[in-house]
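Participant: Below: one structure in structure tokens.
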2 protein chains.
Amino acid sequence: MEIDIGARLKSVRQGRKLSQRELARRAGVTNATISLIEANQVNPSVGALKRVLDGIPMSLAEFFAFEAPAPRKAFYKADELAEVGKGKISYRQVGADLTGRALQILVERYAPGADTGRVMLSHDGEEGGVIIRGRLEVTVAGQVRVLGPGDAYYFESRQPHRFRNVGKEPCELISACTPPSF
Amino acid sequence: MEIDIGARLKSVRQGRKLSQRELARRAGVTNATISLIEANQVNPSVGALKRVLDGIPMSLAEFFAFEAPAPRKAFYKADELAEVGKGKISYRQVGADLTGRALQILVERYAPGADTGRVMLSHDGEEGGVIIRGRLEVTVAGQVRVLGPGDAYYFESRQPHRFRNVGKEPCELISACTPPSF
DNA sequence: TTTCGATGTTCAATATATTGAACATTCTGA
DNA sequence: TCAGAATGTTCAATATATTGAACATCGAAA
């Protein structure tokens, strides 16, 4: 493969001033595993690499982020918008990689009965959206409203909020939020 | 591991309308490999996953970009969207008053022949959008593309850009930009 | 010097990913 | 209805990752 996983891991590990053994202990693998990975003498499993990175800690996305210096795409065909989420709620994101971006734009789909649940997330930023098809019950800070095609919403993300498709047909909407930081 | 590699791969593969065998052929692995990975019955090696993604094609960074996404959004907002535009190009804005807001969300309508003009707009921030109806020619930093329903774009606003409806029917799209400076 | 602790390396044993081929199912066209 | 092609699945055989333990090297302290 074109990318040097061994050098990448070694660089990351040494950047945190961790020995192979210490990282191995935190990650729950043996030091031999780390030695072999860094020497590129094995082709690690995703699971093993994930465990190792958990010990750092670093996400797989971060670990591989360096390999994508490709010029940022400006256009996305409908079928190349990656579908995320299974079950009743799914969304397709404009642009696969969010790092460094100021905006997250999603095409969201709620199956009949779909519900984000009472879990009210609180994060910084603001978000809004426009309903394309179907009907959606939106709850924000205690206020409830059922929105249809052409209707829209906008609020500060720290306010408790919830989405629910109370109709009989799928609901599709386009949303934007900022910043897309987690 | 916490992320569902199988579901992610399946989603990506199906999004590109590829069969397991077709993807396997392009990637240079067997269809069994892809079947097993998608069923989460194996813990694929990074190399194997890389080869599979090469067949799509998609980078590992893109593949794992969804490792940490959990944007749940929703809030309710008015259904009377303020009319901002004029003539062949009109905008209906989500939220009447932008002061203090981090996001501007618009429902834009381009009549046939509508054109933002040869003079490339240029301002700070980033913007993106998704086409709802009709066809729109988008030019960004010299790149030209005609987008249809479901297609999307995203770019930094400082790059010269231009929108033009080259079709015979009105084009409608939903866009977002930040900050809402004109 | 010598010993000790910590480092990274190597290798046989074991666990597991990948293959190759067969299987069942679904769909389409005749 | 049938035949063929295309789909996803399963499993024994094989290839390879991971382990556990031993090895070598280095620097610090006595």
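Participant: Report the FRET efficiency, 1/(1 + (r/R0)^6), for B:R26 and A:R25, where r is their Cβ-Cβ distance and R0 is 35 Å, rounded to 0.05. Working shown, then result.
Facilitator: Values: r = 40 Å, r/R0 = 1.16.
So the FRET efficiency works out to roughly 0.30.
Participant: Additional query: How far is B:Q143 from itself in the other copies, in nm, if each label sits 7 Å out from Cα along the Cα-Cβ line, shortest first?
Facilitator: Label-point separations across copies, in nm and ascending: 3.9.
Participant: Applying 1/(1 + (r/R0)^6) with R0 = 56 Å to the Cβ-Cβ distance of B:T116 and A:L36, what FRET efficiency is obtained, to the nearest 0.05? Please report the intermediate quantities before stating the final value.
Facilitator: Values: r = 56 Å, r/R0 = 1.01.
It comes out at approximately 0.50.
Participant: Moving to a separate point now. To the nearest whole number, what is the average tally of beta carbon atoms from other chains within 10 Å of the beta carbons of peptide A:104-114?
Facilitator: Partner-chain Cβ atoms within 10 Å, mean over residues of A:104-114: 3.
Participant: Let me ask something else about it. Checking an interface number: how much accessible area is buried between A and B, summed over both chains, with a 1.4 Å probe, in Å² rounded to 100?
Facilitator: Numbers: alone 11310 and 11460 Å², together 16570 Å².
The contact between B and A buries close to 6200 Å².
Participant: Between A:K168 and B:R16, what is the label-point separation in nm under the 7 Å Cα-to-beta-carbon projection?
Facilitator: Distance between the two pseudo-spin positions: 4.0 nm.
Participant: My understanding is that a pair violates if its Cα-Cα distance is over 29 Å; which of B:K17/B:K50; A:K50/A:K168; A:K168/B:K10; A:K50/B:K10 do that in this structure?
Facilitator: A:K50/A:K168
Participant: When you look at the Cβ of every residue in A:165-176, what mean number of other chain Cβ atoms sits within 10 Å?
Facilitator: On the way: counts 0, 0, 0, 0, 0, 0, 0, 1, 3, 10, 8, 14.
Going residue by residue through A:165-176 and averaging, the value is 3.
Participant: Moving on to the next point. Sorted from shortest, what are the nm distances separating the label point of A:D4 from equivalent points in the other copies, each placed 7 Å from Cα along Cα to C-beta?
Facilitator: Shortest to longest, the spacings are 3.8 nm.
Participant: If we hang a label 7 Å off Cα along the beta carbon direction at B:K168, how far is it from the matching labels on the other copies, in nm, shortest first?
Facilitator: Distances between equivalent label points, in nm: 3.7.
The values are calculated or read from the model by the stated rules, or taken from the named source; none is laboratory data. Computed from a predicted structure; not experimentally measured. Cβ: placed from backbone, ideal geometry, glycine included. Neighbour counts: every protein chain shown. Accessible surface areas use protein heavy atoms only, side chains included; no ligands, DNA or RNA. Shrake-Rupley method; radii C 1.70, N 1.55, O 1.52, S 1.80 Å.
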